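For reference, the structure discussed in these notes is given below.
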Amino acid sequence: MSARRKPLEKQIKLALPKGKLLPATARLLADVGISFDNYTTETRIYRLNSWNYPGLSAKMFHEKDVPVQVAVGNYDLGICGSDWIEELQVKYPASSMVKLIDFGYDRGALYFAVSKWQPYASVQELLNKKHSLRIVTEYPNLAESAALNLRLKKYQVFPSWGSVEVYPPEDADIAVLKAYEEKELMDQNLVALQPMLQTSTFLIANRDSLQDKDVSSIIERFSKGIKKSKKSWLGVTAPSAPIANTYTGSYSRSAVRLAIPDGHQRSPTVELLKKAGVVIKGYTNGTLDRRPVISGYDIKVKVSRPQDMPLHVANGNYDFAVTGKDWYLDHLYRFPSSPITKVLDLGFGWVRIVVVVTEDMPVDTIGDIRRLLQSGKMKSLRVASEYINIADRYLNENHMNPYKLIPTWGASEVFLPEDADVLIENTQTGKTLATHKLKIIDTIMESTACLVANKHSLKTSAKRGIMDSFISAISAGVEKT
Amino acid sequence: MIIQKCKGAYDLLPSDMEQFRYLESVFRESALKWGYQEVRTPSLEYLHLFTSAGTLSPAMLNRVYSFLDWDGWSGERVVLRPDGTIPVVRLFNENLAHLDVAKLFYITSVFGFEDTGTKNRERWQLGVELIGGNTVLSDLEVLILGYEILIRLNCGQVKLRLSHAGVLRSLIKELKLGDEAESRLFGEIRDGNWDALRMAGKKKPAVSAVLSLLLNLKGNTSGFLQNARALSRSSAEFKAQIDDFLALTTKLDAMCYPYEIDMTSSKGFEYYTGLCFQFLLKDKRIGGGGRYDGLVPLMGGKNKPACGFALYADYLMEMMSVPSETKEKWVLIRSGAMTDQTAERCFELARSLHAAGYVAGIDFDGDMQDCQFTVLVESKKPYFSVVNTMKKKTITLSSISEVIDEIGGSVVRKKKAARKAN
């Protein structure tokens, strides 16, 4: 007679998206009668319990993390865009994830797009190109698969954290990006060569959960909900700030090119430029222009994600860029001979990159964790981090063996303790960590904003003078702070 | 907990390696005798080597092991070699393009992801490439070489299955489907859906009869192709291609090589332009190859025709055994009490046995299994006791030369004498 099986687990775990999908998802949950108190854009509590479904718990993740969490079995069900589902499944077709219900909101498409200033009228024309085609995208797996299926002869994929519309035509031939309609691309001076994939928001499930657990009460709620004639969640959209991308068609590879950050670093960068006496239009306030204009310097400027800048500086797309020391080092740890160098510490944006565990984990140092692993009390260490290469190096240098690195896209504190044992994350005051009952056991480095430059550009006589003069002005600005 | 190998990876144990080395030696010896020279390409190549040639299917390219190198900030990916032929063609273009004809062979592993992890994701191939040969005689040479190797391996009744990519391409061209539909049809065929071609053929009376014959029947002599040729109202291109196929099969008939023509047997690779063939053992594919005239120029080289084949070591090893006469004779050296003096004598005996052509190992702790001959080394005269386990006989001797004579004499000397006598 076979041994008795374990009692059926009754707790149902749901992975919910943060960010732009949150308002519509919250409305959907309310409409189908599943209530979470803190599922709002303002919340900092990412662990949620349903008051009308005691057996249901949820956690809020970056949308990209939802399919990964469901596929690895940390969550039974999840809600996310089909673009991120496909991005995972195209690379890992055997992943244990099943699409269940199309909710129909955040509908759009992934496009293979080029700049309207580029001479490509069709995909066929791209196929005939002998030079390497540069593809920039937030969806590197889908882009790579599309390139192979289209039989592009030679291509390079630049994975991006976002704002990919800023790259064509000078710094990328193709952008693979999501848009709700083609007009949206046209507003960014892009032309869709072909839609790659229609996207919508789905309920997904872990295959094993479907096979071994009873999650029917939740599935039934959703499936009844979508049969309603009035689907109020379809009309809910997340607010977004208008962004311009005013490329005029003039472009010279010999021009000096600077990248400055969007997001949190925008405001201190504005302050610094002001102190340096640099006048810039389209960046300081109001509508952000992805291509602001600097007066007094013969420099072309772009606004993009600080995480992406080192890669583009290394490739010569930018001669210099304002990024964080953290992202600069994360790039260098991955590509040690990359032609990028730090030229100036800008002083603002100070953070510490720290190693974090839950308060109740019986360790105070990284050495304690190593001993747990060596003794066999801990079989494998799960480490969540945005800084994959910094984390990888740190774990190797500290002889953590074995470990699994879980890439995240921000708000990593939500991963502890259920979905990761250790977090490698940046913090300013440590308050958010304390709120989540986490403790710091090591500091890997301190990071501030810095100006990084392409080493070859610094040696190019035509650029050197302009770059030196701009760096001097910024340096003077730093001294004034 | 014992740390285990990666999913989909396999260890080759001593008995596997014995098989592998035997297979390798038969393959190398045969290829060298036919005038082929050995090359080895790196395990890492640029991914664009495989994408730019446009010769591997997207399905295959989606399963390669590709990654960014430590200096891969440009996004240029490298790949663990997914195919044996394309790197050899790259090697030829880069280093040997000045040669009119290059006959090359290689023994290499190729990498490809496989879902279940129960099959090998690193597979070994033994391949030959004849670059520059443009006649049916080149096709014939590689076929006969492949056949010869398999017969020498003595692993059973090898079946040769033939097809012809040129014949199929010319028939598909005659369907006049347009670029997109034609490309779709090729995709279906690559995935093994021959019904798609059958259906498409039905709409063109000029080719439907010949397509039906070629796709639905299998031939065993060149007569089958003659019949198809006679039935055809097709183009000069088709006739030229089937004549090319006929030239080969007629020669195989004349040389009494058995084969089967199965036009639906070619799938997977897209770079073949003419003859395609497979070697089968108990209906399992153990090798295959063909003519790929377009590949060298496609990869930036001169307009050179080429053909070749590869044998699949993993499958072959399941079906072959190493003949006992090829196995090295083992002598085990052991001492009852391993003192400095007996240890020195053990090592001296081992060196002398090696020089005489024997495999001789020392059993330091007395734990190793007995061989046919085990020599016990003592500290006092007569120093050596030779135990013949098969004859259950022990003889004591006092010199190394006597030991060697007792176990059969110097193998090296015998080989030299035999060579002289020849």
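The values are calculated or read from the model by the stated rules, or taken from the named source; none is laboratory data. None of the values given here were measured: they were computed from a predicted structure. Virtual Cβ from ideal backbone geometry, glycine too; neighbours counted across all protein chains shown. Surface areas here come from the heavy atoms of the whole protein model, side chains and all, with no ligands, DNA or RNA. Shrake-Rupley method; radii C 1.70, N 1.55, O 1.52, S 1.80 Å.
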For the condition closer than 26 Å to B:GLU141 by Cα, touching a residue at least 12 places away in the same chain (Cβ under 8 Å) and open to solvent by 100 Å² or more (accessible area, probe 1.4 Å), what is the one hit in B:ARG28, B:ARG21, B:ARG40?
B:ARG40
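Residue-by-condition table, conditions (1) under 22 Å from A:SER223 (Cα atoms); (2) in contact (Cβ under 8 Å) with a residue 40 or more places away in the chain; (3) acidic (Asp, Glu); (4) open to solvent by 20 Å² or more (accessible area, probe 1.4 Å):
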residue: A:GLY78; (1), (2), (3), (4): yes, yes, no, no
residue: A:ASP83; (1), (2), (3), (4): yes, yes, yes, no
residue: A:VAL90; (1), (2), (3), (4): no, yes, no, yes
residue: A:ALA94; (1), (2), (3), (4): no, no, no, yes
Would you please name the residue that is surrounded by the fewest Cβ atoms within 10 Å (Cβ to Cβ), looking only at residues in the stretch B:69-86 that are under 24 Å from A:LEU127 (Cβ atoms), more than 10 Å from chain A (Cβ to nearest Cβ) and of a type outside the set (Asp, Glu)?
B:VAL78
Residue among B:VAL167, B:VAL136, B:VAL207 that alone is touching a Gly at 6+ places or on another chain (Cβ under 6 Å) and either assigned by TED's automatic domain parsing to the domain that holds B:LEU23 or surrounded by 15 or more Cβ atoms within 10 Å (Cβ to Cβ) (or both)
B:VAL207
Evaluate the stretch B:56-68: report whether one residue or more is away from chain A (no Cβ under 14 Å), open to solvent by 60 Å² or more (accessible area, probe 1.4 Å) and either at pLDDT 95 or above or farther than 23 Å from B:ILE151 by Cβ (or both).
no
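Let's see how each residue does on (1) open to solvent by 50 Å² or more (accessible area, probe 1.4 Å); (2) closer than 30 Å to B:ALA53 by Cβ; (3) within 14 Å of chain B (Cβ to nearest Cβ); (4) within 22 Å of the chain's Cα centre (by Cα):
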{"position": "A:ALA143", "(1), (2), (3), (4)": "no, yes, yes, yes"}
{"position": "A:LEU152", "(1), (2), (3), (4)": "no, yes, yes, no"}
{"position": "A:GLN194", "(1), (2), (3), (4)": "yes, yes, yes, no"}
{"position": "A:TRP233", "(1), (2), (3), (4)": "no, no, no, no"}
{"position": "A:VAL236", "(1), (2), (3), (4)": "no, no, no, no"}
{"position": "A:PRO239", "(1), (2), (3), (4)": "yes, no, no, yes"}
A:TYR394 being in contact with an Asp or Glu (Cβ under 7 Å, 6 or more places away or on another chain) and either of a type in the set (D, E, K, R) or in contact (Cβ under 8 Å) with a residue 24 or more places away in the chain (or both):
no
Which count do you get for residues in the stretch B:87-105 that are open to solvent by less than 10 Å² (accessible area, probe 1.4 Å) and either within 14 Å of chain A (Cβ to nearest Cβ) or not in a helix (DSSP H, G or I) (or both)?
3
Residue identified as within 14 Å of chain A (Cβ to nearest Cβ), loosely packed, with under 15 Cβ neighbours inside 10 Å and free of Cβ contacts under 8 Å to residues at least 24 places away in the same chain among B:ASP195, B:ASP179:
B:ASP179
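Need at least 2 residues that are more than 28 Å from A:LYS275 (Cα to Cα) per element, so show me which strands (runs of 3 or more DSSP E) inside the stretch A:407-481 make the cut, counting only ones lying wholly within it.
Filter on the stretch A:407-481 gives A:422-427, A:438-447.
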Could you list, ordered by first residue, the pairs with Cβ atoms under 7 Å in which the first is in the stretch A:40-57 and free of Cβ contacts under 8 Å to residues at least 24 places away in the same chain and in the same structural domain as A:SER216 (by TED's automatic domain parsing) and the second is of a type in the set (D, E, K, R) and open to solvent by 90 Å² or more (accessible area, probe 1.4 Å), at least 6 apart or interchain?
A:TRP51/A:ASP37
Within the stretch B:273-301, track down each residue that is of a type in the set (Val, Ile, Thr) and open to solvent by less than 30 Å² (accessible area, probe 1.4 Å).
B:ILE286, B:VAL296
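Of the residues B:SER57, B:SER30, B:SER52, which single one is assigned by TED's automatic domain parsing to the domain that holds B:LEU298 and more than 24 Å from B:PHE186 (Cβ to Cβ)?
B:SER30
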Across the stretch A:282-334, what is the number of residues that are within 14 Å of another protein chain (Cβ to nearest Cβ), touching a helix residue (DSSP H, G or I) at 6+ places or on another chain (Cβ under 8 Å) and either free of Cβ contacts under 8 Å to residues at least 12 places away in the same chain or under 17 Å from A:ASN245 (Cβ atoms) (or both)?
1
Total residues in the stretch A:90-105, condition touching a helix residue (DSSP H, G or I) at 6+ places or on another chain (Cβ under 8 Å), assigned to a loop (DSSP other than H, G, I, E, B) and of a type in the set (A, V, I, L, M):
1
Select, from B:GLU270, B:GLU237, the only residue that is assigned by TED's automatic domain parsing to the domain that holds B:LEU162, charged (D, E, K, R), surrounded by fewer than 17 Cβ atoms within 10 Å (Cβ to Cβ) and within 26 Å of B:LYS304 (Cα to Cα).
B:GLU237
Within the stretch A:100-138, restricting to residues that are open to solvent by less than 10 Å² (accessible area, probe 1.4 Å) and of a type outside the set (A, V, I, L, M, F, W, C), the one that is farthest from the other protein chains (Cβ to nearest Cβ) is A:TYR105
Could you please let me know if A:SER50 is over 19 Å from the mean Cα position of the chain (by Cα) and not hydrophobic (A, V, I, L, M, F, W, C)?
yes
So, in the stretch A:360-401, of the ones that are acidic (Asp, Glu) and either open to solvent by less than 70 Å² (accessible area, probe 1.4 Å) or not assigned by TED's automatic domain parsing to the domain that holds A:ILE440 (or both), which residue ends up farthest from A:LYS437 (Cα to Cα)?
A:ASP392
Which is within 30 Å of A:VAL313 (Cβ to Cβ), away from every other protein chain (no Cβ under 14 Å), more than 19 Å from the chain's Cα centre (by Cα) and of a type outside the set (S, T, N, Q), of B:LEU13, B:LEU44?
B:LEU44
Quick check on the stretch B:19-29. Is at least one of its residues under 22 Å from the mean Cα position of the chain (by Cα) and part of a loop (DSSP other than H, G, I, E, B)?
no
With a cut-off of at least 2 residues that are surrounded by 14 or more Cβ atoms within 10 Å (Cβ to Cβ) and modelled with pLDDT of 85 or more, name the helices (runs of 4 or more DSSP H) lying wholly within the stretch B:322-422.
B:340-355, B:400-407
